[in-house]
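Engineer: Quick one: the structure is below, and I'll ask about it shortly.
The values are calculated or read from the model by the stated rules, or taken from the named source; none is laboratory data. Every value quoted in this text rests on a predicted model; they were computed, and no experiment measured them. Every residue, glycine among them, receives a Cβ derived from its backbone with ideal geometry; neighbour counts consider all protein chains shown. Ligands, DNA and RNA are excluded from the accessible area calculation, which covers all protein heavy atoms including side chains. Shrake-Rupley method; radii C 1.70, N 1.55, O 1.52, S 1.80 Å.
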Amino acid sequence: GFVAFFLDKNLEENSLRNIQVSLITQAKLIENQISTERLKVEGVPYLESLVNVLSHKTKCRITIINTSGKVLADSDKSKTLEIDTPYVSLPLKDKDTIVGVLRLAFSLESVRKTLFAIRKIVFIGLLLALVFAFALGTFAANRTINSINRMIQASRNKMAQDIENNIREIKT
């Protein structure tokens, strides 16, 4: 059980860390595809199209926000998804001036499903191990008890024989 708990926590932490690293890498790649000149000229339709295409490819929610905090483009139109999502944000720069923010978020739903499946397998394995250990323990205990009972019975038989022999000697 301790090993299963440790492995579960380790797997969850590693999964989250890998997602975070992946999000950072993807954000940097997407950042390079956003032209700040085109952003200023073409505006929101260009961004909406771009985030929808890239979101489909990356399986991430992509949001672009201007420096005033206004959402310029979002691959998921809902305001909040009510789902735990790790995310990363990168500044969008025009030379040295920040002109916006790129945010990528990844739903943990698929990770949770995978972790649940793994936890289920580990739990079943633990149950089977407990059943096996109980059966093996019962078998070993029964063999030991039977051996002890045979020794006790042999000792009683020997003692009864010795008593009979002693009684015969006394009579004779």
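Engineer: Go through the stretch 69-87 and report how many residues are modelled with pLDDT under 85 and hydroxyl-bearing (Ser, Thr, Tyr).
Structural biologist: Counting residues in the stretch 69-87 that are modelled with pLDDT under 85 and hydroxyl-bearing (Ser, Thr, Tyr) gives 3.
Engineer: Search the stretch 136-165 for residues that are among the polar types (S, T, N, Q) and pair each with any residue that is assigned to a helix (DSSP H, G or I) when their beta-carbon atoms are under 8 Å apart and the residues are at least 6 apart or on different chains.
Structural biologist: Hits for this filter: zero, empty list.
Engineer: So, residue 27, is that one open to solvent by less than 30 Å² (accessible area, probe 1.4 Å) and either assigned to a loop (DSSP other than H, G, I, E, B) or more than 17 Å from residue 100 (Cβ to Cβ) (or both) or not?
Structural biologist: no
Engineer: OK, next. Give the residues of the stretch 92-111 that are without any contact (Cβ under 8 Å) to a residue 24 or more places away in the chain and farther than 17 Å from residue 26 by Cβ, sorted by residue number.
Structural biologist: 95, 96, 97
Engineer: Given the criterion more than 30 Å from residue 127 (Cβ to Cβ), surrounded by fewer than 16 Cβ atoms within 10 Å (Cβ to Cβ) and not aliphatic (A, V, I, L, M), identify the matching residue among 68, 55.
Structural biologist: 68
Engineer: Considering each residue of the stretch 83-98, count those that are of a type in the set (D, E, K, R) and part of a strand (DSSP E or B), and give that number.
Structural biologist: Of the residues in the stretch 83-98, 2 are of a type in the set (D, E, K, R) and part of a strand (DSSP E or B).
Engineer: Can you confirm whether residue 101 is assigned to a strand (DSSP E or B) and open to solvent by less than 80 Å² (accessible area, probe 1.4 Å)?
Structural biologist: Judged against the criteria, residue 101 is a match.
Engineer: Determine whether the stretch 116-133 contains at least one residue that is surrounded by 12 or more Cβ atoms within 10 Å (Cβ to Cβ), more than 36 Å from the chain's Cα centre (by Cα) and under 30 Å from residue 24 (Cα atoms).
Structural biologist: No, the stretch 116-133 contains no residue that is surrounded by 12 or more Cβ atoms within 10 Å (Cβ to Cβ), more than 36 Å from the chain's Cα centre (by Cα) and under 30 Å from residue 24 (Cα atoms).
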